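Visitor: Encoded as structure tokens, here's the structure I'll be asking about.
The values are calculated or read from the model by the stated rules, or taken from the named source; none is laboratory data. Just so it is clear, the model here is predicted, and its values are computed rather than measured. No Cβ is skipped: glycine too gets one built from the backbone with ideal geometry, and neighbour counts run over all protein chains shown. Keep in mind that these areas ignore ligands, DNA and RNA; they rest on the heavy atoms of the full protein, side chains included. Shrake-Rupley method; radii C 1.70, N 1.55, O 1.52, S 1.80 Å.
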Amino acid sequence: SLHDQFDSSFGGMERGGLFLYDTVQPGKRRLTRTSVTRTLVGDPGSTYKYLGLRLFSHPWVDVDVDGNAMNKDSNGSTLRKLGYSGQTTSALITMGHANTNLTTRSKTMLQKHISPDVSPAGLVGSADFNLTLVNRMESTSIKRDMKKEVAYGMGKISVGWHRDSGLKDFSSIAVYQTLKEPSTSKSTRDSWGVALRAMDGGAGGPLESIPPLLVPLPSGSLYYMLDDFNHNHEHAVIAGSGGIRYSSTHRVAREGQGTWQYIRDKIQKFSSAASDFDWDKGIMTAADLPLKKRRDKLISHVRAQQNLMTEIEFEWLRQWHVQGKKHASLHPYWHRPIGILCDSFCEIERASS
């Protein structure tokens, strides 16, 4: 069942030590450590950037030598060869199966509850989830320094008010949660819950005319933020008085600049274009173009070269190494890609000198 899939996956990730604190920079101010531990699982080569930090995902399917997905009959054999333990591999593959299950469920919910009310019919956001952010949160009885939710007095807050960022426009989100050793209290004030409030469009503040909502979440809860809900609402996680909360937030991350495949292919394309230039003469080798145009082409290439070096260094290499040796040891999928990026950076740097 879906519950068994998530319970098995969460347990394997816990035993594998995958949950880590992140150091982020909210509001581009001082650095701060997150109050929850988390890990990212998704399509091979995917990343998710939030509050200035790029998270590197663990793959939930087998991969080939280039780091691409092998979707047929994934049993985790290639992940074990990369260095993942047996229990961690099983947890990741199981999460991939759970994601397939949630994708089907979310598309059914969209067609049932959203599609009939939009024009033209069927014009709804994507639910083709390509990654999930898995959180581990401690209760108020364990973590006693949580801040209070001051806007509406809803209790202690585990994750503050926010909209999920970096996602495909108007895509849906599905969240599953389970509690380990939950509180025996029957009071809703002791329960874990998700708080919701309506916002004035994409950039506006809270709508005072619409009251906020706090929904208690028992263990095994599954909820959806369909279509444009994330665009027009904020949500927060209100901490319960007992138990450890594991949650898996399945999303449709924007494709393009945030994947290993993107930066790999960009480097390869740039390297092949470098052969079009005579570096000693400082011109492009194409004889059919005027001299000035050939020099302009070289200048444009050099600018692109410097921009690529900046992107590799600051968006990838520094983002990887700043998270430390333990993070690196837990992400064996990324060892070869990061090595290739280091070599590529040095090669481009030598060419530019």
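Visitor: Could you check how much of the accessible area of the chain is carbon and sulfur, as a whole percent, using a 1.4 Å probe?
Guide: On the way: 9350 of 18200 Å².
Accessible surface attributable to carbon and sulfur in the chain totals 51 percent.
Visitor: Show me the ranking of peptides 37-45, 14-22 by mean Cβ neighbours inside 10 Å, starting with the highest. Kindly include the intermediate steps, with their values, before the conclusion.
Guide: Numbers: 37-45: 22.2, 14-22: 16.3.
Taking the mean over residues of other Cβ atoms within 10 Å, the ranking is 37-45, 14-22.
Visitor: How do the peptides 168-179, 342-353, 81-92 rank, highest first, by the average count of neighbouring beta carbon atoms within 10 Å per residue?
Guide: Details: 168-179: 21.6, 342-353: 13.6, 81-92: 19.2.
In decreasing order of mean packing, 168-179, 342-353, 81-92 become 168-179, 81-92, 342-353.
Visitor: Based on the alpha-carbon gyration tensor of segment 298-342, what equivalent-ellipsoid semi-axes (square roots of 5 times the eigenvalues) come out, in whole Å, largest first? Walk me through the numbers before you get to the answer.
Guide: Details: eigenvalues 146, 21, 5 Å².
For segment 298-342, the ellipsoid semi-axes come out as 27, 10, 5 Å.
Visitor: How fast does the chain diffuse by Stokes-Einstein, in µm²/s, taking the Kirkwood radius from C-alpha pairs at 4 °C and 1.567 mPa s? Could the numbers behind the result be given before it?
Guide: Working: Rh = 22.5 Å.
Rounded to a whole number, D works out at 58 µm²/s.
Visitor: Count the net charge of all other residues whose Cβ sits under 12 Å from the Cβ of Pro332, scoring Lys and Arg as +1 and Asp and Glu as -1. Walk me through the numbers before you get to the answer.
Guide: Working: positive: Arg80, Lys81, Arg336; negative: none.
Counting the neighbours of Pro332, the net charge comes to +3.
Visitor: Continuing with this model, one more query. In deg cm²/dmol, rounded to 500, what helix-only [θ] at 222 nm does the chain give when every DSSP H run of at least 4 residues adds -39500 (n - 2.57) and the total is split over its residues?
Guide: Values: 9 runs with 112 residues, N = 353.
One gets -10000 deg cm²/dmol as the mean residue ellipticity at 222 nm.
Visitor: Still on this model: How big is D for segment 26-135, in µm² s⁻¹ as a whole number, if Stokes-Einstein is applied with the Kirkwood radius of its Cα pairs at 4 °C and 1.567 mPa s?
Guide: My calculation gives 80 µm²/s for D.
Visitor: Please state the Cα pair-distance histogram of segment 117-254 with 10 angstrom bins from zero: what percent is in each bin?
Guide: Taking all Cα pairs of segment 117-254, the binned fractions are 12, 39, 34, 13, 2, 0 percent.
Visitor: Can you name the helices of the chain, as whole DSSP H runs, whose Cα span along the helix axis is 15 Å or more and whose Kyte-Doolittle mean is not below -0.5?
Guide: On the way: long enough: 2-15 (20 Å, -0.91); 86-109 (34 Å, -0.41); 260-273 (20 Å, -0.93); 291-311 (30 Å, -1.12); 335-352 (26 Å, 0.03).
TM-like helix candidates: 86-109, 335-352.
Visitor: If you don't mind, another one. Accessible area per residue, 1.4 Å probe, Å², for segment 17-107: what's the number?
Guide: Ligands and nucleic acids excluded, the result is 46 Å² per residue.
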